1. What tally of residues in region 14-32 results from selecting those that are of a type outside the set (Gly, Ala, Ser) and buried (at least 21 other Cβ atoms within 10 Å of the Cβ)?
2. Give the residue that is farthest from ligand 1 (Cβ to nearest atom), with candidates limited to residues of region 165-204 that are small (Gly, Ala, Ser) and part of a helix (DSSP H, G or I).
3. Considering only residues that are touching a residue at least 60 places away in the same chain (Cβ under 8 Å) and either open to solvent by 50 Å² or more (accessible area, probe 1.4 Å) or among the acidic types (Asp, Glu) (or both), which ones fall in region 118-141?
4. Test Arg181 against the stated conditions and say whether it is away from ligand 2 (no atom under 16 Å from the Cβ), over 17 Å from the mean Cα position of the chain (by Cα), of a type outside the set (Gly, Ala, Ser) and buried (at least 24 other Cβ atoms within 10 Å of the Cβ).
5. Only one residue in Arg111, Arg56 is buried (at least 20 other Cβ atoms within 10 Å of the Cβ), part of a loop (DSSP other than H, G, I, E, B) and out of contact with any helix residue (DSSP H, G or I) (no Cβ under 9 Å at 6 or more places or on another chain), so which one is that?
6. Just to be sure before I move on: is Glu243 within 15 Å of the chain's Cα centre (by Cα), modelled with pLDDT under 95, within 24 Å of Gly89 (Cα to Cα) and open to solvent by 10 Å² or more (accessible area, probe 1.4 Å) in the structure I sent?
7. Checking the condition closer than 17 Å to Ala300 by Cβ, within 16 Å of ligand 1 (Cβ to nearest atom), acidic (Asp, Glu) and touching a helix residue (DSSP H, G or I) at 6+ places or on another chain (Cβ under 8 Å), which residue from Asp207, Asp218 passes?
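The values are calculated or read from the model by the stated rules, or taken from the named source; none is laboratory data. Just so it is clear, the structure is predicted and the values come from calculations on it, not from any experiment. Glycine gets a Cβ as well: all are built from the backbone with ideal geometry, and neighbour counts include every protein chain shown. All accessible areas refer to the heavy atoms of the entire protein, side chains included, with ligands and DNA or RNA removed. Shrake-Rupley method; radii C 1.70, N 1.55, O 1.52, S 1.80 Å.
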Amino acid sequence: EVVPVMPAAPAPGATSDGHPVALLANIGGPGDVPSALRHGAEGVGLYRTELLFLDRGEAPSEEEQIAAYRQVLTAFPGRTVTVRVLDAGADKPLSFLPPPGREPNPALGRRGLRVLRAYPDVLAVQLRALARAAAGTSAVLRVMAPMVATAEDASWFAAACEEAGLTCAGVMIEVPAAALRAADIAAVAGFLSVGTNDLAQYAFAADREAGALAALQDPWQPALLDLVAMAAAAGVPCGVCGEAGADPALACVLAGLGVSSLSMTARALPWVRAALARHTLEQCRAAAAAARAARTPGEARAAARDRLPGLA
Ligand code: PEP
Ligand code: MG
């Protein structure tokens, strides 16, 4: 197979009949920006800011955060940059934000937004740093919260963002309850972004680090597609930023489910762009319906591919 050659300024992601699907990059910091640009990212769909906070005795200062955020924002003039606020806890414990006590099941404990609700000053500094970093740049800053479980979590986060002068607050859909009540969350959030890595973990009660449970982590699981469909139908723009979007066939299925942007590791972008460009929205919808009607991940993949004749 030959890697599709990227033109200097790639056309925005779209199906062959012109239905737009924004193709965005997942980044861990300014160091990932060159690769995102080289692979034709239209913007950033997931900036995992926790890398700034890991392996240190205290939170990074507001000034240090501003410097990092500004480097990313200035690299995407006029483009969307979606920053996820600190996603600590579970596999990413931080010594300066200790959990309330012994946590026998850290993945089910205080993590993501739950940590920030316990330490609201840490969130306030991060949001202020983001607002200050964006001032004077033309990037379209969006901020989103990880591990939201309820619409009340989403309202709390939106209020914190508003307090900092940030108007575009979104919510990651990583907990099955949040997918089930996506419409309630959409009433208080500007956008949704499905984190398929954690959503699969929690939907199937299967640790994402446990190799022996990989079959339950398969993003072609029809139950996972059902949850994505619920989020995509909630009434606000809904993206996918888990690794599922990096599979070209699955990317077409997600577009067919109504997802409006896909964010992934940058090197997958050309493949996904090419797969979308070879299929109509109707073909993507047919593939999505066939995948959801299947009973196993293997059958879902085969049924979708049957309806996506342009795939290699
Ligand atoms: C996810 O859970 O799918 C996600 C994008 O977030 P992370 O992989 O950083 O947990
Ligand atoms: Mg996650």
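1. 6
2. Ala183
3. Residues satisfying the conditions are Arg128, Arg132, Ser138, Val140.
4. Criteria not met by Arg181.
5. Being buried (at least 20 other Cβ atoms within 10 Å of the Cβ), part of a loop (DSSP other than H, G, I, E, B) and out of contact with any helix residue (DSSP H, G or I) (no Cβ under 9 Å at 6 or more places or on another chain) holds for just one of Arg111, Arg56, which is Arg111.
6. Yes; evaluated as a whole, the condition is true for this residue.
7. Asp218
Every residue, every condition in (1) open to solvent by 70 Å² or more (accessible area, probe 1.4 Å); (2) within 16 Å of Glu42 (Cα to Cα); (3) at pLDDT 95 or above; (4) within 18 Å of the chain's Cα centre (by Cα), yes or no:
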| residue | (1), (2), (3), (4) |
| --- | --- |
| Ala67 | no, no, yes, no |
| Thr74 | yes, yes, yes, no |
| Thr80 | no, yes, yes, yes |
| Val85 | no, no, yes, yes |
| Pro93 | yes, no, no, no |
| Glu103 | no, no, no, no |
